[in-house]
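Reviewing the structure listed below.
The values are calculated or read from the model by the stated rules, or taken from the named source; none is laboratory data. Remember, predicted model here, so these are calculated numbers, not experimental data. For neighbour counting, all protein chains shown are included, and Cβ atoms are generated from backbone atoms with ideal geometry for every residue, glycine included. The protein model used for the area step is the full one, side chains on, heavy atoms only, and it has no ligands, DNA or RNA in it. Shrake-Rupley method; radii C 1.70, N 1.55, O 1.52, S 1.80 Å.
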Amino acid sequence: MVSVDPRLRRRPPSGITSAGLRGGAAVALVAAWALILASRPHLAPGLGHTPPGLVIAGTAAIAALAIGVCLGQLLAWWMTAGVLVAGLSAVALAPVHPWRADWMLVCAVVLLALAYPVHRGRVVIGAGRGLAVAGVAAQALALMLGAHGHAGPVPAPFVLGGLVGGVAVSRRPRGECGMRAVARVELERARSAHGRSHISCFVATADKRAVALPGGAVTAFRTTARVAISIGDPLVAPEERPAAIAEFVEGCARRGWEPCFYQTAPELRDAYRAAGMRLLKFGEEAIVDLDSFTLAVPERANLRREVYRADRAGLTATVTPWAAAEPLLRADLEPVSRAWLQPRTGREMGFSLGRFQETVDPGAWLVVVRGPGGNVHAFSSWLRLGSDGIALDLVRRHPEAGPGAVDLCCVEALFEARRRGLKVASLGAVPCRDGADDAPDGRIAHAVRRLLYSRGLAGYRYESLARFKNKFAPRWESRDIALGGGLSAVRVLAALVAVHMGRRKA
């Protein structure tokens, strides 16, 4: 079955869909076709060499496009741009030339292969491919009318004309698409009420733009290379999330962005598919229920042993607000952080993780483990998760730290959270882990994920990270990446790498 991405079935913004503008564009389209027929006698059925069926089919296609324009269909706008410019160029530039069926077939197949990547039986057309759609329409019309003899198999004036027309359409006035900026107070309120995953702790960082969608949902995203990467699921009540997903996808389509949702919940997979997205499994998040957290269970025997080793080595852990950390304390921590990063290319990840020199959450905790002499062996930072939880962010360990230093650091934070009446703690996601065996993607994605899980990336060993978190006997929840299909998926994945490895945007 061949279908069009629902993003291109949506109407263009209200600023360009007035009745007069739509009607004028439809009239211009029909008038251009009439002018072509009048100026090129060889197209008249029975008077020239062009098959009558071809002229009738072309007239029917023009009529269909005119109707689509009147109805405000975005796909019709793109195709009309190519047809209009190609048709007018044909009148002005190209003399009568016999129609070549072989040229039309080859060029149409090549351009359609570039503009219409097929995925699982669907022809997916993203808004970013509007220029190619315009070029296909221009090429088809030009070849039907007859190309200039010396232009070769690709009549350049018509193809370029179609692309110029596509650019004109892509630069049309855009409305705000229902997205409005939100203040920090409103963002924090939404995060506290609806944030349930580790990734939701990073909606307020300086490299992201926080907006409210028409239905009231709040989301934060970053754009790079015309890809809009949303940080997790929209922050809204669970029953309203499918509508919020569709609103964000529509807003991105109208701006010419490729939408992406990073680290989404598995229960929303149907909602993302309904919005025209495909899904890749990112990994799994480790979650600890604090009400039942104790070291006195067989599942946490390894963790208990490491904590006892830390105690015997004289290590102690203290909890303090991150914002209240004194400059002297930060000076003690910075060498530890620098030494920890040394074997990991010396760079910190970003976007979905904090960095040492920034305050992700003013209400964060800092847990510091010191030795008998007062020197820092390890430290960790913990962010607020929703209204009743905490989430692990930074973890740093000195290369010469005593045994069990990091284990003690995390255990102390969990016990402190339980003392404060909190209910849940997230230890963060492990990329490429698939212990639940519920990946929504195929064999190739599974093979790549398994390879990265065992070998790691950029100095981060995912399998070792999973073993460490397993010592806490957490429950694991799957996290996905929702993105467009076809060639756009490559651009989206490249954008994800860029936002994690690049610098923060102010």
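Quick notes
- Among (1) open to solvent by 30 Å² or more (accessible area, probe 1.4 Å); (2) closer than 29 Å to Ala494 by Cβ; (3) at pLDDT 95 or above; (4) hydrophobic (A, V, I, L, M, F, W, C), the one test that Ala301 misses: (2)
- Any hit, the stretch 448-455, residues being open to solvent by less than 60 Å² (accessible area, probe 1.4 Å), touching a strand residue (DSSP E or B) at 6+ places or on another chain (Cβ under 6 Å) and charged (D, E, K, R): no
- Screening the candidates Arg419, Arg384 for the property of being open to solvent by 50 Å² or more (accessible area, probe 1.4 Å), without any contact (Cβ under 8 Å) to a residue 12 or more places away in the chain and not aliphatic (A, V, I, L, M) yields one hit, Arg419.
- Counting only residues that are farther than 19 Å from Arg479 by Cβ, open to solvent by less than 20 Å² (accessible area, probe 1.4 Å) and in a helix (DSSP H, G or I), the stretch 212-248 holds 0 of them.
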